[in-house]
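Report on the structure given below.
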Amino acid sequence: MSLEKYGWGPFFSQQLESNSTFIPGRVSSQHGGLYRVLTDTGEVVANVSGRLRNFALSSSELPAVGDWVLLQRREQARAVIHRVLSRRTQLSRRAPGKRSEEQILAANVDTVFIMTALDADFSVRRMERYLSLVHESGAIPVLVLNKCDVAEDAEGKRLSAESIARGSALHLVSAHSGEGVVELHRYLKPGRTVAFIGSSGVGKSTLINVLFGNDVQLTRAIRVKDSKGRHTTTYRRLIPMPGGAMLLDTPGMREVQLWAEDEALHSSFGDIAEAARDCRFRDCTHQHEPGCAVRESIDAERLSSYHRQQKELAFLHRQTDIYAAQAEKQRWKAIHKSMRNYQKGE
Ligand code: GDP
Ligand code: ZN
């Protein structure tokens, strides 16, 4: 099957039922309720079956870009999506807005390039945030520090990035001069999916264009900005790269609010967990307790970044509990109503 080039593998084929007539495909973009899906006989436009939509308990159970789905072909490159296969990885944030809801940014991504620029915009605190997001997803984070051609004190910045990377790979590059870019190709192997995250202006589009090289057709497919410098790609897309990898183009994110379990923080802040073993109190909050080993050994700004993320997650989990309870109540109401109708013989 030629689906391997899109990232297909045993993890997904194991989920197929033997006598099913559905065909697998990978979601490459989404516009409202319409999806573009790559199959081994070409791209189709698909919508979600009524059953799948009605039975989804939350929007995260509906297809997202990067998902493997099972389809039924209709005439003229149209299809219906009947099932979303279990995801290998799932990159999410809290959806912007008041409601506490998960928004899936990308499914089944292998590597996430967390991009920052080595100019005045450089911020290890923002990187810490992205790291928590990626640790939660199951994908492998790679820190990419761009604009090393104009960096002041690149070595100092590299050191402070290394101190929070906790073993994640870190690359200093320049999308302008090309320095260090060749190192990134090791993540772009055939069938692998990479996504880029980072705030607007760090050089994601420029770097992507460099990685696409002379492949004009693909570069044009990205169409990064219009004449006013605004992004024309406001949606996420999965695009095959020249070397055989799949690129997941995420729009610049101004705000990333975490959507994670506490374990994600343990991965991003393992040094704090380690130091906490030496705190005098087992349940030390590392804020005011005497004999706190964390306050003694961890950089104060990193510690307050940890506390901020922890607070954000605590708030999120409280909100999500309330929201889940409400949703459950609605569901039972609907079930009772349909039971009553059934008893009435409707
Ligand atoms: P995006 O919003 O993350 O996609 O960022 P862009 O790719 O649009 O880049 C923002 C600005 O940074 C543009 O003016 C680029 O020319 C510039 N830029 C990107 N990469 C580099 C680099 O490596 N060095 C320097 N000096 N400028 C860069
Ligand atoms: Zn402590």
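The values are calculated or read from the model by the stated rules, or taken from the named source; none is laboratory data. A quick note: this is a predicted structure, and the numbers were derived from the prediction, not measured. Using ideal geometry, Cβ is built from the backbone for each residue, glycine included, and neighbour counts are taken over all protein chains shown. These accessible areas exclude ligands, DNA and RNA; they are computed on the full protein's heavy atoms, side chains included. Shrake-Rupley method; radii C 1.70, N 1.55, O 1.52, S 1.80 Å.
Using a probe of 1.4 angstrom, how much of the accessible area of the chain is carbon and sulfur, in percent?
Summing carbon and sulfur atoms, their accessible area is 49 percent of the total for the chain.
Distance between the pseudo-spin-label points of Lys311 and Ser297 (7 Å out from Cα toward the beta carbon): 2.6 nm.
Peptides 262-269, 286-293 ranked from most to least packed, by the mean per-residue count of other Cβ atoms within 10 Å: 262-269, 286-293. Of all DSSP beta bridges confined to the chain, the antiparallel ones make up roughly 60%.
Across region 241-248, coupling constants 3J(HN,Hα) worked out from phi with the 6.51/-1.76/1.60 Karplus curve, θ = phi - 60°, read 9, x, x, x, 7, 10, 9, 9 Hz, and Gly and Pro carry x.
When DSSP beta bridges are restricted to pairs lying wholly in region 49-144, around 65% turn out antiparallel. For the chain, the per residue solvent-accessible surface stands at 53 Å², with DNA, RNA and ligands left out and a 1.4 Å probe. Between the residues Ala300, Ala107, Ser174, the greatest Cα displacement towards the positive end of the dipole of the chain, with unit charges on the Cβ of Lys, Arg, Asp and Glu, is found for Ala107.
Close amide H pairs (under 5 Å, H built 1.01 Å from N) link Arg236 with Gln30, residues at least 5 positions away or on another chain.
Unpaired cysteine residues in the chain (no second Cys Cβ under 4.7 Å): Cys148, Cys292.
Which of Phe122, Val84, Leu52 sits farthest toward the positive end of the charge dipole of the chain, with +1 on the Cβ of Lys and Arg and -1 on the Cβ of Asp and Glu? Ranked along the dipole, the leading option is Leu52. Just to be sure I understand the curve: with the Debye formula and one point per C-alpha of the chain, what is log10 I(q)/I(0) at q = 0.10, 0.13, 0.15 Å⁻¹? These q points yield log10 I(q)/I(0) values of -0.70, -1.09, -1.33.
Give me the net charge for the shell around Met127: Cβ to Cβ below 13 angstrom, other residues only, Lys and Arg +1, Asp and Glu -1. With Lys, Arg at +1 and Asp, Glu at -1, the neighbours total +3. Once backbone amide H atoms are built at 1.01 Å from N, Asn146 has Thr116, Ala117, Leu118, Val173 as its partners under 5 Å, excluding neighbours fewer than 5 places away on the same chain. Basic side chains Lys and Arg get +1 at the Cβ, acidic Asp and Glu get -1 at the Cβ, and with that the dipole of the chain about its Cα centre reaches some 1720 debye.
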